[in-house]
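To keep things clear, I will list the structure first and then write my remarks on it.
The values are calculated or read from the model by the stated rules, or taken from the named source; none is laboratory data. Keep in mind the model is a prediction, meaning the values are calculated, not measured. Cβ sites come from the backbone with ideal geometry, for glycine too, and all protein chains shown count toward neighbours.
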Amino acid sequence: MDYDVYLSDDGLCSENGRGVASADALLSGKCIAAVAKKVVVAHNGEKSAECLSLAVAAGAAEKGADVFFASSLPEPAFDLAMKLIGAKAGCFVSGGVFSKIKFFSERGLPLSSEDEEKIEKVLSGKETTTISGYGKIRSIDGVSSVYSERIKNLLGDISIAVKIYSPDREVMAAAERIFPRCRGDGDIVFNISSDGRKVSAFSLKTGHIFYEKLLLLCSLAEFREGNDISLPFSSPVIIDEIASEYGRKVMRYYERTKDYSDNDGRKNALYCRFGRDALTLIAKILRYLEDNDLTLYEALENLPQFATVTRFVPKENADEVFEKICSKKAGRNEGVAKCENGERVIIKPVKSGRGFTLIAESFRTETASELCDFYEKKIKML
């Protein structure tokens, strides 16, 4: 059978834009079984996601993997399920207009390039996993409650009222357990992404606050507590500058590690959840404001100014072009092309090989946009 699906930055996608079907989900299970024989499967509570996740579990078990089925969760809680089970890989299914199937490594971190290649071989039909006996499918309950309770303990008692919104119902259910007044009156409004990973904020006094600035604020709180932190490689470099002022360090991990030089960052990421979990990020920020008797406006006033711009540039044969323009000195796992004087550009081929994601950081939005313009022109000329 020919499958018209491929691995993208957002998970498994179809060539014809029809969305993920049950046959794709079954194939996804076979893919994850090629990576590990102990896996976790979960979904975000949508009807389509529940059906597809059952197919994923069946596909993995058919290829000999033992499957721990965690049912409906916020996506960041899936990371906790992976830790509790000790699984080396897993699949999370998101339902909606277009369902997605995402693959994860241990601790809920991105897969290595090596594991992605295993999945791509199964998708392309170049490699088939052998059946050495069916694996078992076991249900695990209570992960979402444990996840919420951990963040609630981190938050403690606070007097700050907030509003929280997310299009994902499992994220909202967890938010209501952690922040009982999150649907009431509050000066600060937090908007969480559908995958529960990122968040922006708004208040009348601060205006819109983008995710990277909230990440910087939370990092500062950690440094003042004397903690080192782990963050995704694409997180702003200004965080490293703040870390050095407090004698702390930032350990980074890649989205597609090739040489495992990010092992320290990956190991510590489990204990530094705010870089991949919006609810944890909110809880830590509110705790910091409460402990220091600060408003959000006052806390942000003390942060240095910076801006980030993200842009997609379509380009066929992106991997070949990447080899011509990527810096050989640093960051080949993520493709750093320029990093100096507080400015940085990450040039990252998308997993489909059909273009690049540019992430530019500078002290002003205009300068970050100009950096994107420069490298976009350079890419198009090659």
Exercise. Is there a residue in segment 121-136 that is without any contact (Cβ under 8 Å) to a residue 24 or more places away in the chain, small (G, A, S) and more than 22 Å from T280 (Cβ to Cβ)?
Worked result: yes
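Could you say which residue among F68, F92, F103, F78 is outside any loop (DSSP other than H, G, I, E, B), over 21 Å from the mean Cα position of the chain (by Cα) and at pLDDT 95 or above? Spell out how you get there, then give the answer.
Working: F92 fails: over 21 Å from the mean Cα position of the chain (by Cα); F103 fails: over 21 Å from the mean Cα position of the chain (by Cα); F78 fails: over 21 Å from the mean Cα position of the chain (by Cα).
When all the criteria are applied, what remains is F68.
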For this session: Return yes or no: is S219 crowded, with 18+ Cβ neighbours inside 10 Å, polar (S, T, N, Q) and either within 25 Å of G156 (Cβ to Cβ) or not assigned by TED's automatic domain parsing to the domain that holds P110 (or both)?
Result: yes
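How many residues does segment 240-274 contain that are aliphatic (A, V, I, L, M), more than 16 Å from E106 (Cβ to Cβ) and buried (at least 22 other Cβ atoms within 10 Å of the Cβ)? I'd like the intermediate steps shown before the answer.
Applying the first criterion (aliphatic (A, V, I, L, M)) to segment 240-274 yields 242-243, 250-251, 269-270.
Pick out the ones that are also more than 16 Å from E106 (Cβ to Cβ) and you get 242-243, 250-251.
Next, from what is left, pick out any that are buried (at least 22 other Cβ atoms within 10 Å of the Cβ): 250.
Count: 1.
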Problem set entry | Any hit, segment 176-190, residues being in contact (Cβ under 8 Å) with a residue 60 or more places away in the chain, crowded, with 22+ Cβ neighbours inside 10 Å and within 26 Å of R266 (Cα to Cα) | no
For this session: Could you please tell me which pairs satisfy a Cβ distance under 9 Å, a separation of 6+ or placement on different chains, a first residue in segment 310-326 that is closer than 9 Å to G355 by Cα, and a second residue that is outside any strand (DSSP E or B) and among the hydroxyl-bearing types (S, T, Y)?
Result: V313/Y375; A318/S352
Exercise. So which helices (runs of 4 or more DSSP H) stay within segment 110-213 end to end and still have 2 or more residues that are over 30 Å from S53 (Cα atoms) and at pLDDT 90 or above?
Worked result: 143-155
Problem set entry | Answer residue from segment 275-298, given it is out of contact with any helix residue (DSSP H, G or I) (no Cβ under 6 Å at 6 or more places or on another chain) and among the small types (G, A, S) and is surrounded by the fewest Cβ atoms within 10 Å (Cβ to Cβ) among those | G275
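Tell me, which helices (runs of 4 or more DSSP H) lie completely within segment 215-328 with 3 or more residues that are at pLDDT below 90?
Numbers: elements: 238-245, 263-269, 278-291, 296-301, 318-325.
So the answer is 263-269, 318-325.
Please indicate, with yes or no, whether at least one residue in segment 138-155 is within 13 Å of A34 (Cβ to Cβ) and among the hydrophobic types (A, V, I, L, M, F, W, C). Write out each step before concluding.
Initially, segment 138-155 is screened for residues within 13 Å of A34 (Cβ to Cβ), giving none.
The answer is no; no qualifying residue exists.
State all residues of segment 222-262 that are aromatic (F, W, Y) and closer than 21 Å to R197 by Cβ; if no residue qualifies, say none.
Initial filter on segment 222-262 (aromatic (F, W, Y)): 223, 233, 246, 253-254, 260.
F233, Y253, Y254, listed by residue number.
Looking at A65, A36, A81, A58, which is the one that is surrounded by fewer than 20 Cβ atoms within 10 Å (Cβ to Cβ), among the small types (G, A, S), closer than 27 Å to K258 by Cα and touching a Gly at 6+ places or on another chain (Cβ under 9 Å)? Before you say what the answer is, go through the steps one by one.
Working: A65 fails: surrounded by fewer than 20 Cβ atoms within 10 Å (Cβ to Cβ); A81 fails: surrounded by fewer than 20 Cβ atoms within 10 Å (Cβ to Cβ); A58 fails: closer than 27 Å to K258 by Cα.
One residue alone meets the criteria, A36.
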